[in-house]
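**Q** I have a structure I would like to understand better, so I am pasting it below and will then ask my questions one at a time.
The values are calculated or read from the model by the stated rules, or taken from the named source; none is laboratory data. Being a predicted model, the structure only gives us computed values, none of them experimental. As a convention, Cβ positions derive from the backbone with ideal geometry for all residues, glycine included, and neighbour counts pool all protein chains shown.
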Amino acid sequence: MKAYALASAPLLRGRYGPLVAGPLGAAVAILPEDVGERVMLGDAGANGLGALLGLRLAAGTSPRGRLALLTGLAALTAASEVVSFSKVIAATPGLRELDALGRRPDR
């Protein structure tokens, strides 16, 4: 939820902003439950939110921009086969603090 809220908030502007506005409102509403580890988004929810972000980006981006986004996503997908993003997050101070934001201290 944190990642979706951070990624979608800047996309609210413009003609295609409403594509992410409703899901962003829902994400913000359940964010305390999510970061408090009382509920979990799961793969199905994460895939749906990712699809909405992709749709919003594709709708408001030029063909060259879409190619750049696709190239970036392909590179991240390839990197995820070699590198553990969880380990990268744990080893990177800013990402580690963002990931831990709102978590219970006993975790």
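**Q** Go through the range 18-45 residue by residue and tally those that are under 21 Å from residue 73 (Cβ atoms) and in contact (Cβ under 8 Å) with a residue 12 or more places away in the chain.
**A** 6
**Q** How about the range 38-68: which of its residues are over 27 Å from residue 102 (Cβ atoms), at pLDDT below 90 and in a helix (DSSP H, G or I)?
**A** 55, 58, 59
**Q** Among the residues of the range 62-107, write down those that are surrounded by fewer than 11 Cβ atoms within 10 Å (Cβ to Cβ) and either within 28 Å of residue 15 (Cα to Cα) or among the charged types (D, E, K, R) (or both).
**A** Residues satisfying the conditions are 62, 63, 64, 71, 72, 74, 81, 87, 97, 104, 106, 107.
**Q** Mind checking which residues of the range 1-12 are at pLDDT 85 or above and small (Gly, Ala, Ser)?
**A** The answer is 5, 7, 8, 9.
**Q** Here is a follow-up. Every residue in the range 13-37 that is at pLDDT 85 or above, assigned to a loop (DSSP other than H, G, I, E, B) and more than 19 Å from residue 70 (Cβ to Cβ), please.
**A** 13, 14, 15, 17
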